1. May I ask you to verify whether Ala43 is surrounded by fewer than 17 Cβ atoms within 10 Å (Cβ to Cβ) and either at pLDDT 95 or above or at negative phi (or both)?
2. Hey, does segment 70-82 have a residue that's assigned to a helix (DSSP H, G or I) and over 22 Å from Gly11 (Cα atoms)?
3. Having 2 or more residues that are of a type in the set (Ser, Thr, Tyr) and surrounded by 13 or more Cβ atoms within 10 Å (Cβ to Cβ) is the bar; report the helices (runs of 4 or more DSSP H) wholly within segment 113-163 that clear it.
4. Kindly indicate whether Arg56 is basic (Lys, Arg), open to solvent by 10 Å² or more (accessible area, probe 1.4 Å), outside any helix (DSSP H, G or I) and at negative phi.
5. Which condition does Pro48 not pass, out of (1) surrounded by fewer than 16 Cβ atoms within 10 Å (Cβ to Cβ); (2) assigned to a loop (DSSP other than H, G, I, E, B); (3) not basic (Lys, Arg), if it passes all the others?
6. Take the residues of segment 100-141 that are at pLDDT 95 or above and touching a Ser or Thr at 6+ places or on another chain (Cβ under 7 Å): which is farthest from Tyr60 (Cα to Cα)?
7. Could you please tell me which pairs satisfy a Cβ distance under 7 Å, a separation of 6+ or placement on different chains, a first residue in segment 71-87 that is more than 17 Å from Ala28 (Cβ to Cβ), and a second residue that is of a type outside the set (Ser, Thr, Tyr) and open to solvent by 40 Å² or more (accessible area, probe 1.4 Å)?
8. Please enumerate the residues belonging to segment 59-78 that are surrounded by fewer than 20 Cβ atoms within 10 Å (Cβ to Cβ) and among the hydroxyl-bearing types (Ser, Thr, Tyr).
Amino acid sequence: MTAIEKAMPLGDLGHVPWPEMADSTGSAEAIPALLTTVARGDADTAGPALGQLRQRVCQYGFVVGQATAATVPFLWELVRLPQVTCRVEILQLLKSIADARQWETTAAVYPKLLRRREKYVEWERDARHAVHAQRGVLRHLLDEPDHDIVRASRELAATLSRR
């Protein structure tokens with residue numbers, strides 16, 4: 001990877017087969033554009049883009065889908081960038097994904113869910129694992145001068161330590 005590629009946020013977006021994955025709206029092909037808007041947008045555009053992304057990858061704040069796990073590493077990348085205007089909201093989204101147990105809970109009482117073509121429980125577990133995989137980033141965020149980022153980081157850390 002060259003220095004230019006390293007400095008460019010979200011450089012690996014093209015390596016993910018987004019059109020082959022589903023989010024809550026159908027095809028996940030819009031996710032790269034939303035992530036790019038969050039990365040490059042000002043507060044007026046980044047916030048709404050993150051809101052749309054949230055609905056696609058963690059609908060209602062607790063239902064994750066197939067594309068969620070693939071999206072999580074990019075969320076961690078964005079939360080590390082000081083120029084991103086909605087880092088607190090990204091941390092809150094990561095916390096919602098880490099807390100998601102909708103499909104797992106449903107499958108416990110309705111085991112037929114596990115035999116469906118859609119792998120809901122697996123997608124949910126993969127998404128949680130993706131959040132856990134980069135929890136080391138939180139150490140750096142706890143040193144941020146922004147108190148809201150520190151608070152959101154502590155909340156996410158508490159969620160991750162319970163699991």
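1. On the way: surrounded by fewer than 17 Cβ atoms within 10 Å (Cβ to Cβ): yes; either at pLDDT 95 or above or at negative phi (or both): yes.
For Ala43, the condition - surrounded by fewer than 17 Cβ atoms within 10 Å (Cβ to Cβ) and either at pLDDT 95 or above or at negative phi (or both) - is met.
2. Narrowing segment 70-82 to residues assigned to a helix (DSSP H, G or I): 70-79.
From the residues that got through so far, the ones that are over 22 Å from Gly11 (Cα atoms) too are none.
Looking for residues that are assigned to a helix (DSSP H, G or I) and over 22 Å from Gly11 (Cα atoms), one finds none in segment 70-82, hence no.
3. Numbers: elements: 120-133, 137-141, 147-162.
It comes to 147-162.
4. Numbers: basic (Lys, Arg): yes; open to solvent by 10 Å² or more (accessible area, probe 1.4 Å): yes; outside any helix (DSSP H, G or I): no; at negative phi: yes.
Against the criterion (basic (Lys, Arg), open to solvent by 10 Å² or more (accessible area, probe 1.4 Å), outside any helix (DSSP H, G or I) and at negative phi), Arg56 does not qualify.
5. For Pro48, the exception is condition (2).
6. Filtering segment 100-141 for residues that are at pLDDT 95 or above and touching a Ser or Thr at 6+ places or on another chain (Cβ under 7 Å), the one farthest from Tyr60 (Cα to Cα) comes out as Leu141.
7. Trp76/Gln134; Thr85/Asp42; Thr85/Ala43
8. Result: Tyr60, single match.
The values are calculated or read from the model by the stated rules, or taken from the named source; none is laboratory data. Owing to the predicted nature of the structure, the values given are computational and were not obtained by experimental measurement. Methodologically, a virtual Cβ is constructed for each residue, glycine included, from the backbone with ideal geometry; neighbour enumeration extends over all protein chains shown. Keep in mind that these areas ignore ligands, DNA and RNA; they rest on the heavy atoms of the full protein, side chains included. Shrake-Rupley method; radii C 1.70, N 1.55, O 1.52, S 1.80 Å.
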